[in-house]
Amino acid sequence: MDLFALRLLFILIFAVACWFFRPFGLDQWTAAGLGTVISGLIIIFELRVRALTLRRLLGAVVGSLFGIIGAFLFSLVLRNSLPEGHTRSLLQIVVLLLMTYIGLVVGANKGDLLNLAALGGVFTGERTIRRDTKILDTSAIIDGRIGDIAETGFLEGTLIVPEFVLRELQMVADSSDSSKRQRGRRGLDVLQRMRENAQITVQIVEEDYPQVKEVDLKLIELAKHLEAKIVTSDFNLNKVAQVRGVGVLNINDLANSLRPVVLPGEKMRIVVMKEGKEYDQGVGYLDDGTMVVVDHARRLIGRSVEIAVTSVLQTTSGKMIFGRLDEASRPEAARASVEVAN
């Protein structure tokens, strides 16, 4: 059953129960309204608890227990110090609520210091599981290569897609700009294909951070809570996440590392596609998109030539290969020059 429908059913049952039993002697409709408000507050509390890590949750429970014990001891002092009456009862309630609240807040904040591995084998797998969790951002989904990477089995663990990323993806797919609309729809198709693949675990999570406006910052906060890594192809998100201590898997870095290693003097055959920036240069591309700049190949545009690699330049956007025409290709270049002259 959908989680939203389950919560709605819980509110309805709670309201009907209050309408039937009429707590505090209230009339039926007032009691039903009170039940609706209380059940809504319970659901809000549940949403906040779900965002906590297991260590923070255990810390909050332990802190609350210590707070209740402290309140009980303090109430014994009040019982022997004050006469019986409304004042003493009120003070005991205030002390109970205050001590429990302080214990809960302090315990939750200090929960990260707990060593769950020391509590038994039940908790030892939590960090291992979370290390296998990856959060997909909008750029990685729209890029499309994440689907192929996941299908090959190189990307293990659970792939998490937050609801706010889905909303952003839908906004791109509904854009008035045809290029953005096409990219957004491709991202939705990639995500659907991944969900239909039984070998890939894709999970949609509802965690959100309304106080944070930017999607990138929401991803970073979610990654911190889940102790997960972010999968992205966004250069800026990559840098910001690293500054904030969040692990990042950059698809572009992976693609660059998988490009073939080329050494000076190595020969290869390419098709010259266009003119280069410098005089008499021609530009071609390898199958993986690597740019190859060839000297004295301007007149060979549209032809397949064999070149010898002279140098390789590594840039932030990828590799650039520089080469010169092989000796066997020079007669062809000379014939092309004659044809152009004629």
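The values are calculated or read from the model by the stated rules, or taken from the named source; none is laboratory data. Bear in mind the structure is a predicted one, so any value in this text is a computation, not a measurement. So basically every Cβ, Gly included, is an ideal-geometry build from the backbone, and we count neighbours across all protein chains shown.
Laid out as a table, the results:
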item: The lone exception for L3 - which of (1) touching a residue at least 24 places away in the same chain (Cβ under 8 Å); (2) surrounded by 14 or more Cβ atoms within 10 Å (Cβ to Cβ) it fails; result: (2)
item: Members of the range 220-240 found to be within 17 Å of V161 (Cβ to Cβ) and either of a type in the set (A, V, I, L, M) or not assigned by TED's automatic domain parsing to the domain that holds D137 (or both), listed by number; result: I220, L222, A223, L226, A228, I230, V231, L237
item: Residues within the range 174-220 that are in contact with a helix residue (DSSP H, G or I) (Cβ under 7 Å, 6 or more places away or on another chain) and polar (S, T, N, Q), tallied; result: 2
item: Looking only at the range 147-165, and only at residues there that are modelled with pLDDT under 90 and closer than 13 Å to R195 by Cβ, the one that is surrounded by the fewest Cβ atoms within 10 Å (Cβ to Cβ); result: E151
item: Selection from the range 20-35 of residues that are in contact with a helix residue (DSSP H, G or I) (Cβ under 8 Å, 6 or more places away or on another chain) and either buried (at least 16 other Cβ atoms within 10 Å of the Cβ) or part of a loop (DSSP other than H, G, I, E, B) (or both); result: R22, L26, A31, A32, L34, G35
item: Selection status of I141, more than 25 Å from H225 (Cα to Cα), at pLDDT 85 or above, in a helix (DSSP H, G or I) and of a type in the set (A, V, I, L, M, F, W, C); result: no
item: Every residue from the range 167-189 that is under 21 Å from the mean Cα position of the chain (by Cα) and acidic (D, E); result: E168, D189
item: Failed item, numbered, when A117 is tested on (1) assigned to a helix (DSSP H, G or I); (2) out of contact with any helix residue (DSSP H, G or I) (no Cβ under 7 Å at 6 or more places or on another chain); (3) modelled with pLDDT of 60 or more; result: (3)
item: Of residues in the range 295-342 being modelled with pLDDT of 85 or more and among the polar types (S, T, N, Q), the one nearest to K239 (Cα to Cα); result: S311
item: Those residues of the range 196-243 which are without any contact (Cβ under 8 Å) to a residue 12 or more places away in the chain and either of a type in the set (K, R) or not in a helix (DSSP H, G or I) (or both), in sequence order; result: A198, P210, Q211, V212, K213, E214, K239
item: Among the residues listed as L65, L76, L26, the single one being modelled with pLDDT of 90 or more and more than 22 Å from D208 (Cβ to Cβ); result: L65
